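Contents: one structure, followed by commentary.
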Amino acid sequence: MTSLKKSPLHERHVALGAKFAEFGGWEMPLEYGGVVAEHTAVRTSVGVFDVSHLGKATVKGPGAAAYVNSCLTNDLGKIGPGQAQYTLCCADTGGVVDDLIAYLHADDDVFLIPNAANTAEVVRRLQESAPEGVEVVNRHDDYAILAVQGTHSDDVVAAIGLPTGHDYMAFAVADFAGTPVVVCRTGYTGERGYELVVPNSAAVAVFDAILAAGEQFGIAPAGLGARDTLRTEMGYPLHGQDISLDITPVQARSGWAVGWKKEQFWGDQALRAEKEAGPARILRGLRAVGRGIPRPHMTVADAAGTALGEVTSGTFSPTLKKGIALALLDATVKEGDQVTVDIRGRQELFDVVKPPFVTVHVRES
């Protein structure tokens with residue numbers, strides 16, 4: 001993995017005994033002492049994730065926010081400066097190039113956080129059609145991102161001198177030892193939490209301060225393995241699995257992130273047509289009746305063995321102690337139905353349910 005990019009916190013992860021894996025061209029911690037223990041720490045107390053592999057880009061200049069709003073799906077006009085918004089970058093076909101968070105600093109200043117593997121493509125598309133005076137810059141290698149997640153996240157973030165208590169998807173810019181840090185109340189776990197956008201130069205100091213402040217709460221450094229089980233329990237989609245160029249937001253039940261009343265956005269014609277006609281397949285939740293653990297691409301069928309679709313994300317839920325999945329299924333399948341999943345030749349029974357699969361202390365979605 002020597003050709004992969006590394007987080008500015010890489011040596012800290014090595015010292016903590018992390019096991020590494022490749023994520024979007026980056027060598028990132030998969031786990032430290034075990035996925036279940038890290039998952040449980042977030043659900044019951046607090047954990048900290050290094051998600052510096054996530055992309056970063058700036059869109060600046062007169063009309064920058066209006067330009068972004070004309071491209072991405074959600075309606076940026078519904079929020080004001082100091083707020084962030086989940087949104088999608090779609091192709092003309094309606095497929096999802098990427099899902100991302102847009103931070104609105106001002107009408108002429110938008111900060112974007114795409115996924116690692118898609119950052120260059122999102123930036124290219126925005127640069128290609130940017131009006132004169134609007135500059136789109138890839139800042140992927142300039143910032144670290146730390147996610148402090150769990151019921152004690154406020155205690156930990158406040159203890160290092162950063163602001164807490166603001167509304168969900170609101171952010172503040174604060175000073176940490178002379179360095180500006182963006183503190184946004186968001187995350188990918190379902191628990192109350194914050195994501196900190198930190199210049200690389202201050203990443204180690206902030207990370208060390210978080211671990212020290214969280215020691216009294218049993219804070220756990222958590223890897224991307226636990227991040228995946230946590231987000232799956234909440235039914236949050238992962239790009240490349242649950243949404244993709246082949247899976248539209250209409251199919252993925254992410255239409256809430258589409259500004260249907262906007263005049264235009266990338267992919268609007270295809271998405272409006274699909275919404276009007278009704279999608280042929282829909283992303284549903286599956287919960288195991290028995291002990292089967294589903295994995296992506298496993299076939300989902302009805303009792304007669306007729307294929308209905310396939311699992312897009314599947315895992316063992318540490319909270320429920322059973323298998324759960326997101327699956328793209330024929331639109332005839334409804335919540336309350338039972339289906340089977342082919343798990344290595346065994347037909348395991350699953351209930352079709354509406355995510356989230358678990359109840360968290362503070363649901364933020």
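Would you check if there is a residue in the stretch 146-155 being under 18 Å from Phe49 (Cβ atoms), β-branched (Val, Ile, Thr), at pLDDT 95 or above and in a loop (DSSP other than H, G, I, E, B)? Taking every residue of the stretch 146-155 in turn, at least one turns out to be under 18 Å from Phe49 (Cβ atoms), β-branched (Val, Ile, Thr), at pLDDT 95 or above and in a loop (DSSP other than H, G, I, E, B). Selection over the stretch 73-88 of residues that are assigned to a strand (DSSP E or B) and either small (Gly, Ala, Ser) or free of Cβ contacts under 8 Å to residues at least 60 places away in the same chain (or both) gives a count of 1.
Specify which of the listed residues (Gly309, Gly323) is surrounded by 16 or more Cβ atoms within 10 Å (Cβ to Cβ), under 24 Å from Thr248 (Cβ atoms) and small (Gly, Ala, Ser). Step through it out loud before you land on a result.
On the way: Gly323 fails: under 24 Å from Thr248 (Cβ atoms).
That would be Gly309, the only listed residue that is surrounded by 16 or more Cβ atoms within 10 Å (Cβ to Cβ), under 24 Å from Thr248 (Cβ atoms) and small (Gly, Ala, Ser).
In the stretch 175-195, of all residues being assigned to a loop (DSSP other than H, G, I, E, B) and free of Cβ contacts under 8 Å to residues at least 40 places away in the same chain, the one that is surrounded by the most Cβ atoms within 10 Å (Cβ to Cβ) corresponds to Ala177. When the stretch 1-10 is examined, which residues are found to be crowded, with 21+ Cβ neighbours inside 10 Å and either aliphatic (A, V, I, L, M) or within 21 Å of Thr232 (Cβ to Cβ) (or both)? Answer for the stretch 1-10, where residues must be crowded, with 21+ Cβ neighbours inside 10 Å and either aliphatic (A, V, I, L, M) or within 21 Å of Thr232 (Cβ to Cβ) (or both): just Leu9.
Does the stretch 157-166 contain any residue that is within 18 Å of the chain's Cα centre (by Cα) and either crowded, with 19+ Cβ neighbours inside 10 Å or on the phi > 0 side of the Ramachandran plot (or both)? I'd like the intermediate steps shown before the answer.
Start the filter on the stretch 157-166 by keeping residues that are within 18 Å of the chain's Cα centre (by Cα), which leaves none.
No, the stretch 157-166 contains no residue that is within 18 Å of the chain's Cα centre (by Cα) and either crowded, with 19+ Cβ neighbours inside 10 Å or on the phi > 0 side of the Ramachandran plot (or both).
So is Glu128 in a helix (DSSP H, G or I), within 28 Å of His10 (Cβ to Cβ), acidic (Asp, Glu) and free of Cβ contacts under 8 Å to residues at least 40 places away in the same chain or not? Talk me through it step by step, then tell me what you get.
On the way: in a helix (DSSP H, G or I): yes; within 28 Å of His10 (Cβ to Cβ): no; acidic (Asp, Glu): yes; free of Cβ contacts under 8 Å to residues at least 40 places away in the same chain: yes.
So Glu128 does not fit the description; no.
The set of residues in the stretch 36-60 being of a type in the set (Gly, Ala, Ser), more than 30 Å from Asn138 (Cβ to Cβ) and part of a loop (DSSP other than H, G, I, E, B) consists of Ser45 alone.
Scan the stretch 196-253 residue by residue and report those that are of a type in the set (Lys, Arg) and not in a helix (DSSP H, G or I). I'd like the intermediate steps shown before the answer.
Of the stretch 196-253, the ones of a type in the set (Lys, Arg) are 227, 231, 253.
Across the stretch 196-253, the qualifying residue is only Arg253.
Of all residues in the stretch 322-350, those satisfying the criterion of being part of a strand (DSSP E or B) and of a type in the set (S, T, N, Q) are Gln338, Thr340, Gln347.
Against the conditions (1) in contact with a His (Cβ under 7 Å, 6 or more places away or on another chain); (2) surrounded by 19 or more Cβ atoms within 10 Å (Cβ to Cβ), Ala172 satisfies every one except (2). Taking the stretch 245-283 as the search range and keeping residues that are within 22 Å of Ala327 (Cβ to Cβ) and in contact with a strand residue (DSSP E or B) (Cβ under 6 Å, 6 or more places away or on another chain), which one is surrounded by the fewest Cβ atoms within 10 Å (Cβ to Cβ)? So, considering only residues that are within 22 Å of Ala327 (Cβ to Cβ) and in contact with a strand residue (DSSP E or B) (Cβ under 6 Å, 6 or more places away or on another chain), the one surrounded by the fewest Cβ atoms within 10 Å (Cβ to Cβ) is Ala257.
Does at least one position in the stretch 254-264 carry a residue that is under 27 Å from Glu27 (Cβ atoms) and of a type in the set (A, V, I, L, M)?
Checked against the condition, which is being under 27 Å from Glu27 (Cβ atoms) and of a type in the set (A, V, I, L, M), the stretch 254-264 yields no hits at all.
Scanning the stretch 104-157 for residues that are among the hydroxyl-bearing types (Ser, Thr, Tyr) and either in contact with a Phe, Trp or Tyr (Cβ under 7 Å, 6 or more places away or on another chain) or over 25 Å from Tyr168 (Cβ atoms) (or both) returns Ser129, Ser153. Of all residue pairs spaced 6 or more apart or on separate chains, those with beta-carbon atoms under 8 Å, a first member in the stretch 197-211 that is under 12 Å from Arg12 (Cα atoms) and a second member that is of a type in the set (Asp, Glu) are Phe207/Asp50.
Condition check ((1) of a type outside the set (A, V, I, L, M, F, W, C); (2) within 30 Å of Cys89 (Cβ to Cβ); (3) surrounded by 22 or more Cβ atoms within 10 Å (Cβ to Cβ); (4) assigned by TED's automatic domain parsing to the domain that holds Gln149) across all residues:
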site	(1), (2), (3), (4)
Arg12	yes, no, no, yes
Glu27	yes, yes, no, yes
Tyr32	yes, no, no, yes
His39	yes, yes, yes, yes
Gly47	yes, yes, yes, yes
Asp50	yes, yes, yes, yes
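The values are calculated or read from the model by the stated rules, or taken from the named source; none is laboratory data. Computed from a predicted model, the values in this text were never measured in an experiment. Note that we place each Cβ from the backbone using ideal geometry, even for glycine, and neighbour counts take in every protein chain shown.
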